[in-house]
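Below is one structure, written out as structure tokens; the observations come after it.
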Amino acid sequence: MSDIYKIFISAGESSGDIHGANLMRCLMKKNPSLKFYGLGKENMKRAGLHCLHDMSTKSLMWLHVLKELTTFLQMKKDCIRFFQQERPDAVILIDYCGFNFHLARAAKKLRIPVIYYICPQLWAHAPWRVKKMKKLVDKLIVVYPFEKPFYESAGIPVTYVGHPLFDEISKEGIDEGIVSELKKQGETIVSFLPGSRKQEIVRILPLLLQSAARIQQTIPSVKFLVSCGDEQHLDLVQTITRESGVNCKIMVGNVHEVIKASDLCIAGAGTITLQIAYYLKPMIIVYKISPFAYFIARPFLTTPYIGLVNTLAHKMIVPELLMCKENYAWIADQAIQLLNDPQKRQACIHELSLLMDKMGKPGASEHAAEEVLKLIWRA
């Protein structure tokens, strides 16, 4: 192996871009001779990625992939050409199995070691794809403790390192000044966190705002915050909020401050629920799909929970509902209970505290970097 180590790394979504950048920095601290090439966004480029394609302008939702099929075929072609010409010492794939599985297959044919970091949630909706995963990867680095036995039972080498989200939270810190501005003394704050994708915002935010009117009937003093994680969706969030007639303050970014200022968070399913849990805030998890999608997907769901915090706790510690109808009354009723019932509220906080004691610690990126280097040096 040459003195310069080449690593190809692929992340298609914003969260993967953040975690990929943190992994790259940890790897370079341990071995400054590493050079990174691949697919990513701004965070990975700032960390030193030689970007074959900038993923900032590309959507990985399946419908958009169909619309941009020519672009994605060219991306695949360019990556395979890079594998053939440059022969990287390892390929690291972050989440998004749709495109990354194609890259894994190409690398495997060339006998380039393939590491999957932050695996797609096959345990929840597609366990039959584990056989394909076994054929395509040399090592899995997983972020949830229950993933280790799941993949081990399929005979795949796997290491659990913890969730890199907590690395990011500990690194960023909190602006207490913003928290104080958002929550005046004596106020009750409910925040809506519908998600970072356009489709999630369109599907969930109107539902959350409908529940707000009902909550305010029972608790007139309540104030509402709407979290907009990406500035490119601000116009959409403003339009939906304005049409609802609900008086809300919209916050672009500063999601940690929004969560910390809140007495209750109502969120879409996803890693945002782990961020809320980190600050020990009671929450309600909502996921809405069409009746047709519900009919198709329901038989394939292998976990009894849609929320990560409930999945990790192996029990319902926060209210959640997968709905195909606009059941905003259920959301409002759950919210009123968590705001007005001290016993229920405290029980929720206690369970979140137990969960975070187990897994809410930084260090995942560091551990993942160690696993990557072990595989490279062994190859």
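Odds and ends about this structure:
- Residue within the stretch 318-333 that is within 22 Å of I92 (Cβ to Cβ) and open to solvent by 70 Å² or more (accessible area, probe 1.4 Å) present: no
- Applying the set (1) touching a helix residue (DSSP H, G or I) at 6+ places or on another chain (Cβ under 6 Å); (2) open to solvent by 40 Å² or more (accessible area, probe 1.4 Å) to P164 leaves exactly one unmet item: (2).
- Residues in the stretch 202-222 that are in contact with a helix residue (DSSP H, G or I) (Cβ under 9 Å, 6 or more places away or on another chain) and closer than 16 Å to C265 by Cβ: L205, L207, L208, L209, S211, A212, I215, I219, V222.
- Given (1) outside any helix (DSSP H, G or I); (2) without any contact (Cβ under 8 Å) to a residue 24 or more places away in the chain; (3) surrounded by 13 or more Cβ atoms within 10 Å (Cβ to Cβ), index of the condition P145 fails: (2)
- Residues (in a helix (DSSP H, G or I) and either open to solvent by 30 Å² or more (accessible area, probe 1.4 Å) or modelled with pLDDT under 95 (or both)) located in the stretch 337-346: Q337, L339, N340, P342, Q343, K344, R345, Q346
- Sub-7 Å Cβ pairs linking a first residue in the stretch 354-379 that is over 13 Å from C26 (Cα atoms) and among the hydrophobic types (A, V, I, L, M, F, W, C) to a second residue that is open to solvent by 70 Å² or more (accessible area, probe 1.4 Å) and in a helix (DSSP H, G or I), at least 6 apart or interchain, are M356/Y278, ordered by first then second residue.
- Failed condition for K288, given (1) open to solvent by less than 40 Å² (accessible area, probe 1.4 Å); (2) over 18 Å from R197 (Cβ atoms): (2)
- Only one of the numbered conditions (1) at pLDDT 95 or above; (2) polar (S, T, N, Q); (3) within 24 Å of V143 (Cβ to Cβ) is violated by T302, and that is (1).
The values are calculated or read from the model by the stated rules, or taken from the named source; none is laboratory data. Quick caveat: nothing in here was measured; it's all calculated off a predicted structure. No Cβ is skipped: glycine too gets one built from the backbone with ideal geometry, and neighbour counts run over all protein chains shown. What goes into the accessible areas is simple: the full protein's heavy atoms, side chains included, and nothing from ligands, DNA or RNA. Shrake-Rupley method; radii C 1.70, N 1.55, O 1.52, S 1.80 Å.
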